[in-house]
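Read through the structure below, which is laid out as structure tokens, and then see the notes.
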Amino acid sequence: MDASGYTPQGLVARTRGAARARGVRPVAGDLARGAGRAAGGLPWTLAGRHGTFSFQGRRYPYLFHRHKLTWLTERAVEVPVVQALVDETTTAGGRVLEVGNVLSLYRPQAHVVVDKYERAAGVLNRDVLELGDLGPFDLIAAISTLEHVGLDEQPCDPDKPARAVAALRERLAPGGRLVLTVPAGYNLAFDAGLRTGAIPVDGMAALRHAGGGARWRETAPSEAWQAPYDILLYRARAVVFAFTSNRASERA
């Protein structure tokens, strides 16, 4: 771990580090609960049976899917919110860019996806700073992705997420919208940039884990930033949604 946040490690290394910091017994309990919940996972098609959550005046079904054990992580809420935005944009005939291949892991997609490292059908392997030839987009989304940019790369570049946000704003069509989901506490430098306005966005909203499995509640971003990241199981206890728009058409 450094001042910027956390460096990914294998489960054994994470378990040893957590045991030293918190003690063997609570860490063993976390692992046991995670394994138990993993055994009872249900796919996307049954998500509606597991309730809904409220966010910005709208209700969404929790995402329950075996891939990445969504009921244990922030995927349970961030994917439904962003998928709804993608669906609305594509239905209206807009162009969508997703940075980081996430949504297609849970259902088929038709929009443009870029991911620097993941090799998959339909995914463009591009760095987030090298998208100038793709043209403008009406919606750009990044689900728990930009906090890894620069931090989980060699050499480490703590300022790269800020440059990535600026570059993505330049890819927005007039009236276009950029939405980022950020797991609080993973990349502390990125969090601070958003929290203080050093990385400018138009607005933020947040959800915080309420305990008892996949239960989340809407909260103020100021509260969400205080939630510690669970490095043992790689899950956030709060997720912040950052929104910004290209208002060029409004100024014209």
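The values are calculated or read from the model by the stated rules, or taken from the named source; none is laboratory data. Computed from a predicted structure; not experimentally measured. Please note: Cβ atoms are built from the backbone with ideal geometry, for glycine as well, and neighbour counts cover all protein chains shown.
Criterion applied to Gly135, Gly176, Gly185 was being within 15 Å of Val96 (Cβ to Cβ), of a type in the set (Gly, Ala, Ser), surrounded by 14 or more Cβ atoms within 10 Å (Cβ to Cβ) and in contact (Cβ under 8 Å) with a residue 40 or more places away in the chain, and the one residue passing it is Gly176.
Test Ala76 against the stated conditions and say whether it is free of Cβ contacts under 8 Å to residues at least 40 places away in the same chain, in contact with a helix residue (DSSP H, G or I) (Cβ under 6 Å, 6 or more places away or on another chain) and at negative phi. No: the conditions fail for Ala76. Condition first: basic (Lys, Arg) and either in contact with a His (Cβ under 6 Å, 6 or more places away or on another chain) or closer than 15 Å to His148 by Cβ (or both). Now tell me which residues in the range 93-123 satisfy that. Of everything in the range 93-123, just one residue is basic (Lys, Arg) and either in contact with a His (Cβ under 6 Å, 6 or more places away or on another chain) or closer than 15 Å to His148 by Cβ (or both), namely Lys116. Among the residues of the range 143-156, not a single one is in contact with a Gly (Cβ under 6 Å, 6 or more places away or on another chain) and farther than 26 Å from Ala184 by Cα.
When the range 151-173 is filtered for residues that are crowded, with 23+ Cβ neighbours inside 10 Å and in contact with a helix residue (DSSP H, G or I) (Cβ under 6 Å, 6 or more places away or on another chain), only Pro161 remains.
Give the range 89-107 a look and list any residue that's in contact with a strand residue (DSSP E or B) (Cβ under 9 Å, 6 or more places away or on another chain) and assigned to a helix (DSSP H, G or I), or say none. Give the derivation first.
Within the range 89-107, the first condition is being in contact with a strand residue (DSSP E or B) (Cβ under 9 Å, 6 or more places away or on another chain), and the residues that meet it are 89-90, 92-104.
Residues satisfying the conditions are Thr89, Thr90, Leu103, Ser104.
Of the residues screened, Trp225 is not one that is under 20 Å from Gly51 (Cβ atoms) and buried (at least 18 other Cβ atoms within 10 Å of the Cβ). Going through (1) farther than 21 Å from His111 by Cβ; (2) surrounded by fewer than 24 Cβ atoms within 10 Å (Cβ to Cβ); (3) touching a residue at least 40 places away in the same chain (Cβ under 8 Å); (4) in contact with a helix residue (DSSP H, G or I) (Cβ under 7 Å, 6 or more places away or on another chain) one by one, His65 falls short only on (1).
Of the strands (runs of 3 or more DSSP E) lying entirely inside the range 129-212, those containing at least 1 residues that are within 20 Å of Phe243 (Cβ to Cβ) and β-branched (Val, Ile, Thr) are 137-143, 172-183. When Ala192 is tested against (1) at pLDDT 95 or above; (2) more than 23 Å from Tyr62 (Cα to Cα); (3) crowded, with 19+ Cβ neighbours inside 10 Å, exactly one condition is not met: (3). Looking only at residues that are aliphatic (A, V, I, L, M) and in a loop (DSSP other than H, G, I, E, B) in the range 113-128, which one is modelled with the highest pLDDT? Going through the qualifying residues, I end up with Val128.
Filter the range 90-102 down to residues that are surrounded by 20 or more Cβ atoms within 10 Å (Cβ to Cβ) and at negative phi and give me whichever is farthest from the chain's Cα centre (by Cα). It would help to see each step written out before you state the result.
Residues of the range 90-102 that are surrounded by 20 or more Cβ atoms within 10 Å (Cβ to Cβ), as a first pass: 96-102.
Of the ones still in play, those that are also at negative phi are 96-99, 101-102.
Working: Val96: 17, Leu97: 15, Glu98: 11, Val99: 10, Asn101: 11, Val102: 9 Å.
Result: Val96.
Pairs linking a residue in the range 47-58 that is within 15 Å of Glu78 (Cβ to Cβ) and among the aromatic types (Phe, Trp, Tyr) to a residue that is in a helix (DSSP H, G or I) and modelled with pLDDT of 90 or more, with Cβ atoms under 7 Å and 6 or more positions apart or on different chains, are Phe53/Val77; Phe55/Val81.
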